[in-house]
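Novice: Pasting a structure here, questions to come.
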Amino acid sequence: MTDTRSGLSALEARLAKDLTLLELPSKSWVPAQDHDGQRVRDVIFVGAGMCGLAGAARLKLSGVDNIVLYDAAPKGLEGPWDTFARMKTLRSPKTLAGPCLGLPALTFRAWYEAQWGEDAFDALGKIPKGMWMDYLRWYRDVLDLPVINETRVSDVQDAGGNLIAVTLTDAAGTRTEYCRHLVLATGRSGLGGGAVPGFLSDVDRRFWAHSADDIDFAALKDKRVIVIGAGASAMDNAATALEAGAAQLDMLIRRKEMPRVNKMTGIGSQGVVHGMRYLPDAWKYRFNDYVNSQQVPPPRSSTLRVTEHPNARTFLGCPVEDVQEAGDHIVVKTPYADFESDFVIAATGFRNDFTGRNEFSAFAPYIKTWKDGVYDASMGKPIPFMTDAPYLGDAYEFLEKEPGSCPMLARIHCFNDAAMLSHGKLSGDIPAISAGADRLMRGIVAEMFSADVETHYQGLQAYNVPELQGDEWVDSTPTLMETAK
């Protein structure tokens with residue numbers, strides 16, 4: 001049996017050595033601050049999935065260590081990988097650096113090879129999703145990131161004095177903490193959660209679920225199931241239902257043809273990673289509009305995982321027009337036929353309409369979105385998912401719809417999938433997450449240093465540790481003066 005622990009121990013020693021060679025983490029430099037008798041956090045993260053971990057790690061390495069990450073999930077179940085992600089493997093190539101922050105010993109590859117060797121890595125196909133979650137658990141532990149689980153943010157308020165009051169709820173009750181910056185690392189669901197079609201809004205929830213919901217697939221055994229959508233999550237949910245014993249699985253797809261080409265993969269480069277942010281807004285919209293219109297195809301493996309089942313059917317050009325309850329089942333109406341079904345899974349993506357989130361209610365109405373004077377018809381079609389997206393500043397911070405209406409927005413950072421239109425795919429997917437974390441860090445560090453500039457200047461003036469003791473030289477000026485006489 002392979003001794004995986006000894007391999008990991010060696011890797012962890014290598015990582016520790018690399019950090020010392022780079023003088024990381026940097027010394028702690030942010031002045032301590034108190035409010036209402038408690039220490040103010042420099043940064044609070046909402047969410048401890050991949051984005052939260054990478055962002056927090058980058059800040060910690062930069063000497064901003066008075067941080068904390070809160071996640072509603074139990075320890076080890078943060079993010080989608082062991083919850084609503086129902087694929088078997090990641091779609092991303094196994095060689096991607098991911099959230100390593102420029103540290104080779106922090107990559108998935110290094111973690112894998114330390115346990116199973118280089119030959120095993122060469123033989124590995126796609127990364128199993130559970131293995132990726134194991135890597136993230138190790139990432140959290142090896143960097144000693146301060147994550148507090150089973151804690152939910154229930155309210156956010158301006159506390160004055162450039163501070164944010166964050167109300168937290170856990171099994172012990174409710175409490176308030178204060179921070180200078182708040183990072184919403186809320187993952188794929190962004191700010192609004194699942195996008196639910198209007199035809200499902202009045203249907204009893206026992207008959208349907210969104211693909212990101214906690215679904216009891218065992219209960220779908222011998223049932224007639226319909227999946228709406230053609231993306232990766234649609235295929236993965238359909239396959240999971242079939243593997244759980246669904247009697248019939250019908251995929252209803254609005255498009256007449258299945259998307260086949262992942263367009264953004266074709267132009268992936270550091271130019272895209274670092275340059276998309278600085279394009280004119282019209283070009284940002286144009287890129288995203290085109291990708292959305294072409295759509296990202298589901299992975300081949302996910303699609304075959306569905307179609308290998310003889311009781312699975314795919315209907316293209318078959319949009320759902322209505323869903324009606326009919327006693328103990330539902331009827332799904334399309335232009336061509338009515339489908340009787342026991343359960344519907346809506347793999348219909350996510351939305352950017354965050355006004356329905358109670359925890360964001362104090363600031364959501366003031367957030368500037370793309371429809372607030374940014375988008376115009378010359379950019380392309382007015383797609384709600386895009387026009388409702390927040391229009392963000394350089395450090396993912398929200399901007400005010402009306403200047404002066406909600407000053408704390410400048411210290412709330414949208415480090416999740418909703419940032420894509422403003423920043424590119426730097427805060428939702430594996431390929432560029434390190435670049436995204438670095439951009440977040442640079443913005444927060446610059447603002448905090450500027451905000452405390454007087455304190456830092458006083459520190460400059462007060463510093464009085466001499467490097468010279470005064471006995472290192474002899475002043476020859478008196479001799480020169482004697483000669484001049």
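Novice: Which of the residues that make up region 183-200 are at pLDDT 90 or above and either small (Gly, Ala, Ser) or more than 15 Å from VAL320 (Cα to Cα) (or both)? Quick ask: steps written out before the conclusion?
Specialist: Let us first name the residues in region 183-200 that are at pLDDT 90 or above, namely 183-186, 196-200.
Hits for region 183-200 are VAL183, LEU184, ALA185, THR186, GLY198.
Novice: Another question, then. Say we look at region 351-362 and pick out the residues that are touching an Asp or Glu at 6+ places or on another chain (Cβ under 8 Å) and surrounded by 20 or more Cβ atoms within 10 Å (Cβ to Cβ); which of these is modelled with the highest pLDDT?
Specialist: By that ranking, first place goes to ARG351.
Novice: Here is a further query. Filtering region 212-225 down to residues that are open to solvent by 70 Å² or more (accessible area, probe 1.4 Å) and touching a residue at least 24 places away in the same chain (Cβ under 8 Å), which residue is farthest from ALA244 (Cα to Cα)?
Specialist: Step one: filter region 212-225 for residues open to solvent by 70 Å² or more (accessible area, probe 1.4 Å), giving 214, 216, 218, 221-224.
When the remaining residues are screened for being touching a residue at least 24 places away in the same chain (Cβ under 8 Å), the result is 214, 218, 221-224.
Working: ASP214: 15, ALA218: 6, LYS221: 6, ASP222: 9, LYS223: 10, ARG224: 12 Å.
It comes out as ASP214.
Novice: Go through region 321-347 residue by residue and tally those that are under 30 Å from ARG286 (Cα atoms) and buried (at least 21 other Cβ atoms within 10 Å of the Cβ).
Specialist: Here the count works out to 2.
Novice: Can you confirm whether ALA209 is on the phi < 0 side of the Ramachandran plot, buried (at least 17 other Cβ atoms within 10 Å of the Cβ) and in contact (Cβ under 8 Å) with a residue 24 or more places away in the chain?
Specialist: It is true that ALA209 is on the phi < 0 side of the Ramachandran plot, buried (at least 17 other Cβ atoms within 10 Å of the Cβ) and in contact (Cβ under 8 Å) with a residue 24 or more places away in the chain.
Novice: Another question, then. For region 400-419, give me each residue that is under 21 Å from the mean Cα position of the chain (by Cα) and either farther than 19 Å from ARG277 by Cβ or surrounded by 19 or more Cβ atoms within 10 Å (Cβ to Cβ) (or both). Break it down into steps so the answer makes sense when it comes.
Specialist: We begin by selecting, within region 400-419, every residue under 21 Å from the mean Cα position of the chain (by Cα); these are 409-419.
LEU409, ARG411, ILE412, HIS413, CYS414, PHE415, ASN416, ASP417, ALA418, ALA419 - these are the residues of region 400-419 that are under 21 Å from the mean Cα position of the chain (by Cα) and either farther than 19 Å from ARG277 by Cβ or surrounded by 19 or more Cβ atoms within 10 Å (Cβ to Cβ) (or both).
Novice: Considering only helices (runs of 4 or more DSSP H) fully contained in region 56-164, which possess at least 2 residues that are in contact (Cβ under 8 Å) with a residue 12 or more places away in the chain?
Specialist: In region 56-164, 108-116, 129-142 are the helices (runs of 4 or more DSSP H) which contain 2 or more residues that are in contact (Cβ under 8 Å) with a residue 12 or more places away in the chain.
Novice: Here's something else I'd like to know. Are there any strands (runs of 3 or more DSSP E) wholly within region 172-282 with 3 or more residues that are closer than 18 Å to PHE350 by Cβ, and if so which?
Specialist: In region 172-282, the matching strands (runs of 3 or more DSSP E) lie at 208-210.
Novice: If you take the residues of region 1-34 that are of a type in the set (Gly, Ala, Ser) and more than 28 Å from the chain's Cα centre (by Cα), which of them is surrounded by the fewest Cβ atoms within 10 Å (Cβ to Cβ)?
Specialist: Here the residue is ALA32.
Novice: Given the conditions (1) open to solvent by 70 Å² or more (accessible area, probe 1.4 Å); (2) under 28 Å from LYS284 (Cα atoms); (3) not in a helix (DSSP H, G or I), report the number of the one that VAL374 does not fulfil.
Specialist: (1)
Novice: If you don't mind, another one. Cβ-Cβ distance below 6 Å, separation of 6 or more or different chains: which pairs start in region 252-277 with a residue that is under 16 Å from GLY436 (Cβ atoms) and end on one that is not in a loop (DSSP other than H, G, I, E, B) and not aromatic (Phe, Trp, Tyr)?
Specialist: MET264/VAL291; VAL273/ALA435; ARG277/HIS423
Novice: Could you list, ordered by first residue, the pairs with Cβ atoms under 8 Å in which the first is in region 440-457 and open to solvent by 30 Å² or more (accessible area, probe 1.4 Å) and acidic (Asp, Glu) and the second is modelled with pLDDT of 95 or more and outside any helix (DSSP H, G or I), at least 6 apart or interchain?
Specialist: Close Cβ pairs (under 8 Å, with a partner that is modelled with pLDDT of 95 or more and outside any helix (DSSP H, G or I)) amount to GLU447/HIS181; GLU447/ALA395.
Yes/no matrix, rows are residues, columns are (1) in contact with a Ser or Thr (Cβ under 6 Å, 6 or more places away or on another chain); (2) open to solvent by less than 50 Å² (accessible area, probe 1.4 Å); (3) within 30 Å of PRO93 (Cβ to Cβ):
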residue: VAL296; (1), (2), (3): no, no, yes
residue: THR303; (1), (2), (3): no, yes, yes
residue: PHE315; (1), (2), (3): no, no, no
residue: PRO319; (1), (2), (3): no, yes, no
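The values are calculated or read from the model by the stated rules, or taken from the named source; none is laboratory data. What you see is a predicted model, and the numbers here were worked out from it, not measured in a lab. Every residue, glycine among them, receives a Cβ derived from its backbone with ideal geometry; neighbour counts consider all protein chains shown. Side chains are part of the model used for accessible areas, which takes the heavy atoms of the whole protein and leaves out ligands, DNA and RNA. Shrake-Rupley method; radii C 1.70, N 1.55, O 1.52, S 1.80 Å.
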